């Protein structure tokens, strides 16, 4: 187990989440569309991710409830409109779901997990913030 325990781990995650928001609002595009959503989270607190649900033919935005569903929907519609030159699945309706985590939290957990997984799990493939599930996705190969 890591030398970082309990409360320190939460402080680290919060610190990373804050730095991810600062990085994105500073103009970074290293994470692609996730940086756009992180910028949206910085102005509309509680945003937990945005994705296109092909089965339902709708955009989905997660919110923790720190902002209203209408704020989350309006911000998502604005984001999609601003990026409509490269987003092919627009316009479709935007559905709001209540989640437990902000996107910046998911990204921070991804960063915290990456090192230990790389060094301790030989069949580790990837770890990422999952906007589809409002969680963190870890992929490990079968041996």
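Throughout, read-outs are computed from the coordinates displayed, never taken from laboratory work. These figures come from a predicted structure and were not determined experimentally. Cβ coordinates were reconstructed from backbone atoms using ideal geometry, including for glycine residues, and neighbour counts include every protein chain displayed.
Data table
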read-out: More than 28 Å apart - percent of Cα-Cα pairs taken over the chain; value: 22
read-out: For 71, 55, order by how many other beta-carbon atoms lie within 10 Å, fewest first; value: 55, 71
read-out: CD proxy at 222 nm, helix term only [per DSSP H run n ≥ 4: -39500 (n - 2.57); per residue of the chain; nearest 500]; value: -14500 deg cm²/dmol
read-out: Gain in span if fully extended, residue 28 to residue 82, counting 0.36 nm per residue against the direct Cα distance; value: 17.8 nm
read-out: Using a Förster distance of 30 Å, the FRET efficiency for residue 74-residue 125 (Cβ separation, nearest 0.05); value: 0.20
read-out: Relative contact order (%) - criterion: Cα under 8 Å, at least six apart; region: the stretch 62-143; value: 27
read-out: Residues 86, 109, 62 arranged by fewest to most Cβ contacts within 10 Å; value: 86, 109, 62
read-out: Alpha-carbon centroid distance for the pair the stretch 85-143 / the stretch 21-64, whole angstrom; value: 12
read-out: For 61, 125, order by how many other beta-carbon atoms lie within 10 Å, fewest first; value: 125, 61
read-out: Cα coordinate range in the stretch 58-114, projected on the principal axes (Å, largest first); value: 35, 26, 16
read-out: Degrees separating the helix 33-43 axis from the principal Cα axis of the chain, which is the longest one; value: 80
